[in-house]
Every structure is written in structure tokens, then in C-alpha cells.
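Okay, structure first, notes after.
Only the coordinates and a few stated rules stand behind these numbers; no lab work does. Everything numeric in this text was worked out from a predicted model, so none of it was measured. Every residue, glycine among them, receives a Cβ derived from its backbone with ideal geometry; neighbour counts consider all protein chains shown.
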Amino acid sequence: MTQPGSERPDAREFWIARGDMAKDVAAVSPGSANSAYENWTRGCLQEWALRRARRHLGPRFRRAVDLGCGYGDWTVRFAAMADEVIACDVSPGFAEEAARRLRESGHQAATVVCGDVRGFDGYRDADLVYLGAVLMYLDDDGCVSLLRSVRERIAPRGLLLSRDWCAIRLGRARVNTTPWFSVHRRARRYVELAEQAGFRVIESASSTSIYGEEMAYRYLARRSEAATAWLRWPARLPWTAASLFWTRGSVSFVMRPA
């Protein structure tokens, strides 16, 4: 699925404007009417991603890069695990807020850049790179181009985490051209694009599956990874059943250089 890119509107101006809002979850969750729920689900997604980072990189690593960092809540979580953190966002408001949060967290080696992630190359040998809801605003060629740029700058054993809104369950892949360009791809399409760019996807999970797994990890397995491996599948079932007829949902991917 390759789309023409020259004539399409993009979401750049929309997200720049969102950065001028209150710097909380409402700014990055358009249309949401329940900030408490959004904060809970976002926390689940963060914990799931951080557990993958610890599993593959250890409890601490050298350099984390957050591309499309928003107001910096993910960035601060990564900074707690990394000696150096680098973040980039197209919105001046978001970049300023991310920098403020990093300062208040006490992180001494943090760089926040306001710019388009498609042209950002201010890092190298990254142990962890995160792309949160970025690829869904790019056509296939743009996705591969950005992923190849990351592939050139990630460490040989580095980890790429990404999350995007996908067509799930009964939903069909769809290209949206109004009010701006975005794509609801099938998860398997992201796997294909990642492979074209030189990555291999080692794990993927829908948001509802992640919520179930996180509940198992926190309450049933008492934060034991070994126990969670046994308990996560039954814990995921009620969440999967609840979303059986959903057509859209976020999917998270864990990738390594091929």
C-alpha cells in the first residue's frame, strides 16, 4: 500500500497547535473525554514498553532517543534508565514542556530539539529508540525512509519500540486524506515495512492485550516476569473479548536490527 505524498495535507500544523495546549494527556489524545482513563492506559503502555527495554537491554543503558516526544512523559521514563536521552518533536510547545520535565527530573544529560523527526539525525549508537504514533502519519515510502534513518543510527544490538493506531479485529486498512493524511494499517503491514528498512519485529501486541498483561504482572504475578509469562494469556482474554468487534486500536511493536 503505497500512497502518493506530494498533494496530501499532513498533520504538522495540527500537532504544532496541540503543543500550545495544557501539557498533559489531553493534548496528545484528541477526542478523549476521560483524562483519568487515558492516563491509566498510557501508564500501562509505558510499563509494558519499559519491561521490554529492561528485558533486552538490561536495567540501564547508555543512550535513549524519543522521536515525536510530545510533552515528554515517555521521555522522562526513558531518562530514568539511560545515561543520555535525546528527544525531538515538531511542536515548540511540546519540546519546551519535555525539556522542562527532564530538568525537573534531575537528568543531567538531556537534549530536546524542536524539529521534524523525518530530518532529525542528531544522534548515533542509540541503545533505545521510541516512535510513538509517528508512522501512522507517513505514507509507506515515508515510513521506510524514517525507519532506515533510525537503522543507520541505532546500536547493533539496539531496540526500537514503536506504537501506532492500526486496523484491528474487524477493521480494514484505510488511508485518510482529510482533514490531514494518516493511515490505519494492519499490524502485519508495519512488520513488512520494518523488514524493508532492516529491522525484524520480535514482538507486537494490541493495546487491550497489553492492559491485560499489565494487570497480570502487577496483581496476579506480583511483578514476577516468570509468573507473568504463564498468566498473561488468560489475563488478556477478557480484554480481547471486550474489544472483539473493534475496528481500530493501538498496536505496539518491539524491533531489533536484522
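Can you tell which of Ile202, Tyr190, Ser224 lies farthest toward the positive end of the dipole of the stretch 181-229, using +1 and -1 charges on the Cβ of basic and acidic side chains (Lys, Arg; Asp, Glu)? The residue sitting farthest along the positive end of the dipole is Tyr190. Taking 0.36 nm per residue of separation and subtracting the Cα-Cα distance, full extension of the segment from Ala173 to Ala229 would add 17.1 nm. Cβ-Cβ distance of Ala109 and Ser35, R₀ of 25 Å, FRET efficiency by 1/(1 + (r/R0)^6): the value works out to about 0.20.
Taking a ≥ b ≥ c as the square roots of the Cα gyration tensor eigenvalues, with a/c under 1.5 meaning rounded and otherwise prolate when a/b beats b/c, else oblate, which class fits the chain? Rounded. Using Cβ point charges alone (K and R +1, D and E -1), the dipole size of the chain about the Cα centre works out to roughly 1000 debye. Full extension of the chain between Asp116 and Ala258 yields a length gain of 48.5 nm, computed as 0.36 nm times the residue separation minus the alpha carbon distance.
Gain on full extension, evaluated as 0.36 nm per residue between Ile202 and Arg188 minus their Cα-Cα distance, stands at 3.8 nm.
Between the listed residues Asn34, Ala11, Ala49, the Cα displaced farthest toward the positive end of the dipole of the stretch 1-86, a dipole computed from Cβ unit charges relative to the Cα centre, is found at Ala49. Across the stretch 61-184, C-alpha contacts under 8 Å between residues 6 or more apart give a mean separation that, scaled by the residue count, equals a relative contact order of 24 percent. Footprinting exposure proxy ranking of Trp74, Trp165, Trp15, fewest other C-beta atoms within 10 angstrom first, gives Trp165, Trp15, Trp74.
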